[in-house]
Amino acid sequence: RFYRTTMPKELKNIRPLSPLTEGHLAMLIAAGMMDGYVETPEGERLVVKGFINAYNKESKIDDKTVIRKTYEITVKAVNLTSREMMTITV
């Protein structure tokens with residue numbers, strides 16, 4: 001119910017204040033906002049799926065061990081035109 005009430009009616013009407021970076025697009029895909037069938041401006045057909053992996057990263061600061069949670073975004077796409085598989089990690 002929450003998803004239905006908060007989801008925009010038309011995603012094409014959303015305009016960001018500044019251009020999206022590749023990292024922003026990867027997060028949208030990994031969050032499920034852009035999964036599925038996509039057509040590129042060049043006419044290529046893609047099927048896209050994103051994943052987010054979380055892991056702990058240790059580092060030393062002034063003789064203390066600091067553990068930070070780090071996220072890695074992976075986007076996989078299959079080009080239906082050329083039958084090529086692509087993996088992008090951000």
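The values are calculated or read from the model by the stated rules, or taken from the named source; none is laboratory data. Remember, it's a predicted structure, so these values are computed and weren't measured experimentally. Note that each Cβ is placed from the backbone with ideal geometry, even for glycine, and that neighbours are counted across all protein chains shown. Surface accessibility is based on the protein's heavy atoms, side chains included, excluding ligands, DNA and RNA. Shrake-Rupley method; radii C 1.70, N 1.55, O 1.52, S 1.80 Å.
Could you list, ordered by first residue, the pairs with Cβ atoms under 8 Å in which the first is in region 11-32 and within 15 Å of K76 (Cβ to Cβ) and of a type outside the set (A, V, I, L, M) and the second is modelled with pLDDT of 80 or more and surrounded by 12 or more Cβ atoms within 10 Å (Cβ to Cβ), at least 6 apart or interchain?
From residues that are within 15 Å of K76 (Cβ to Cβ) and of a type outside the set (A, V, I, L, M), the pairs are G32/G50.
Would you mind finding the one in E42, E58, E72 that is under 18 Å from the mean Cα position of the chain (by Cα) and of a type in the set (D, E)?
E72
Go through the residues of region 11-20 one by one and say whether even a single one is more than 19 Å from the chain's Cα centre (by Cα), open to solvent by 100 Å² or more (accessible area, probe 1.4 Å) and modelled with pLDDT under 80.
Within region 11-20, one or more residues are more than 19 Å from the chain's Cα centre (by Cα), open to solvent by 100 Å² or more (accessible area, probe 1.4 Å) and modelled with pLDDT under 80.
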